[in-house]
Amino acid sequence: MKTNALDKTYLRAFLPLLLLAALPVAAHAAPVRPPNFLIFFCDNLGYGDIGPYGSKLHRTPNLDRLARESRKFTHFYTAANVCTPSRAGLMTGTYPRRINLHKNARKGAVLQPGEPLGLNPSEITIAETLKTVGYATMLIGKWHLGDQPTFLPTRQGFDRYWGIPYSDDMTPREGEKWPPLPLMRNETVIEAGVDRNELTQRETGEAIRFITENREKPFFLIISHAMPGSTRAPFSSAAFRGKSRNGPYGDSVEELDWSAGEVLGAVRRLGLDDHTLVIWTSDNSATRRDPEQGSNAPLSGYMNSPAEGGMRVPCLVRWPGKIPAGTVCEELGTMMDLLPTFAGLAGAKPPGPDVINGKDIWPLFSGASGARTPHEAFYYYHYDQLQAVRSGPWKLFLALDRPQGAPGAAPKSIPSPARLFNVVEDLGEKRDLAAAHPEIVTRLKGLAQVASQEIGDQDRLGTKERPAGWVFNPQYQTLPAK
């Protein structure tokens, strides 16, 4: 890229910071309004990819500081092991299979450009819930819940949207009539073939701008980073490229750390610390690469797997004075819990338990004495198949006659037996205890049967299952490539 173009890109990212320097520091006052909610939501970042979760490879000083100021969750789960369904779980507080976003129209794993499928507008999202009590809402970055107009963030409760509508690797290729990767503002494509190297920088600038403009009222902001993303060589700006000890992947992780520092610095500068609940997490775990790039250590497995390393993600939760800093929560929480938890704190009415699967986990966030997970069971779906269930420390991989593999692949011909692990003591899922605890196997099988009946399982429709959104004659929204 030419120097003058790069300068303009950086100016876009840092202009909000320059504006902040001219603002007076807001006085600390007793809370008179509901809290702001700020979610950092990375794409395909592993459980062990940052310092607070054991990485010795990536330099993450800002996240190290955030962890010291936060409550760290060590058993926090995404709703699915790939992008579209995991994001559906966050937005709706519901298992993706229940709202039919567990696969795309081709029966593959995630939504692709121009699909007729998307998040049903009838679903009540976390943004729509907060808007009922006056929140300003914005989503920045990757969406991946449908690129047709009726599915866009601005139709799902977000006042503003800036970002890419699906994964960063979904670019023109042989055999696919995909357009150049679009960058959108609200419902308009503003660039076709966006420079992915600058996305983290520009996402950061957009976030600071939104926070600055909405500092006088409660806001809900998701920074849904496009990185580390799905490409084999993730992208980063010139300031970070080639600087880490882990190639392009490490460069992108270290730039994400920088982004968190810049945004949280803006929150502090504006005097919003005491009013802002911050969550830093990932949509699902790191994908398998050879050689390895992202790490899910010490957990077993990778993205696209029902193993712990496929669905357990890092989660740092910070709210000064309300959430105990420098503490660890070992109770089970899920991405689906954010909707009812935020609603409770904001004074909004969430959808009822017959509509969502998430629970209010504020007692876990706040470190209440004796607080325990409200989930009797957590379910691990692999596309449309229920493959495992966890209750307490125990996780049962179900006995399956035809366990599913990757999308489009033939099912495995070799049946898999039931296997039982204590995933509190055995993080790598190495010691099968099914033979030693038949009573636990029986109990978890019973819980799995409940999910199969209510949520669904393979060809079996669940009694509480709902349709995804669908449009006819979908059209790409793109501009001519520049």
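Among the residues of the range 273-289, those that are under 10 Å from the mean Cα position of the chain (by Cα) and either more than 20 Å from Leu339 (Cβ to Cβ) or buried (at least 23 other Cβ atoms within 10 Å of the Cβ) (or both) comprise Trp280, Ser282, Asp283, Asn284, Ser285. Criterion applied to Thr94, Thr129 was being in the same structural domain as Trp258 (by TED's automatic domain parsing), in contact (Cβ under 8 Å) with a residue 40 or more places away in the chain, farther than 30 Å from Glu198 by Cα and outside any loop (DSSP other than H, G, I, E, B), and the one residue passing it is Thr129.
The number of residues in the range 217-235 that are within 15 Å of Ser252 (Cβ to Cβ) and β-branched (Val, Ile, Thr) comes to 2. One residue stands out among those in the range 454-482 that are among the hydroxyl-bearing types (Ser, Thr, Tyr) and at pLDDT below 95: the one that is surrounded by the most Cβ atoms within 10 Å (Cβ to Cβ), which is Thr478.
Residues checked against (1) part of a strand (DSSP E or B); (2) at positive phi; (3) out of contact with any Pro (no Cβ under 8 Å at 6 or more places or on another chain):
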| residue | (1), (2), (3) |
| --- | --- |
| Arg232 | no, no, yes |
| Lys243 | no, no, yes |
| Trp280 | yes, no, no |
| Ala286 | no, no, no |
| Arg289 | no, no, yes |
| Gly294 | no, no, no |
| Gly309 | no, no, yes |
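Listed by first and then second residue, the pairs with beta-carbon distance under 7 Å, at least 6 apart or on different chains, first residue in the range 110-123 and within 13 Å of Met91 (Cβ to Cβ), second among the basic types (Lys, Arg) and outside any loop (DSSP other than H, G, I, E, B), are Pro121/Arg155.
Looking only at the range 90-108, decide whether some residue is at pLDDT below 95, over 28 Å from Gly347 (Cβ atoms) and buried (at least 24 other Cβ atoms within 10 Å of the Cβ). Yes; the residues of the range 90-108 include at least one that is at pLDDT below 95, over 28 Å from Gly347 (Cβ atoms) and buried (at least 24 other Cβ atoms within 10 Å of the Cβ).
Flag: Gly261 does not match the condition of being more than 23 Å from Arg87 (Cα to Cα), touching a residue at least 12 places away in the same chain (Cβ under 8 Å) and in contact with a His (Cβ under 8 Å, 6 or more places away or on another chain). Listed by position, the strands (runs of 3 or more DSSP E) contained in the range 144-226 that have at least 3 residues being touching a residue at least 12 places away in the same chain (Cβ under 8 Å) and either closer than 23 Å to Leu277 by Cα or not assigned by TED's automatic domain parsing to the domain that holds His102 (or both) are 160-163, 219-224. Between Leu332, Leu256, Leu299, the distinction of being touching a residue at least 40 places away in the same chain (Cβ under 8 Å), buried (at least 20 other Cβ atoms within 10 Å of the Cβ) and within 26 Å of Thr212 (Cα to Cα) belongs to Leu256 only.
When both residues are 6+ apart or on different chains and their Cβ atoms are under 7 Å apart, which pairs have a first residue that lies in the range 462-479 and is more than 22 Å from Arg87 (Cα to Cα), and a second that is modelled with pLDDT of 95 or more and not in a strand (DSSP E or B)? Short answer, once both residue conditions are applied: Thr463/Gln453; Thr463/Glu454; Thr478/Pro180.
The values are calculated or read from the model by the stated rules, or taken from the named source; none is laboratory data. These numbers were taken from a predicted model, which means no experiment stands behind them. We place every Cβ from the backbone using ideal geometry, glycine too, and count neighbours over all the protein chains shown.
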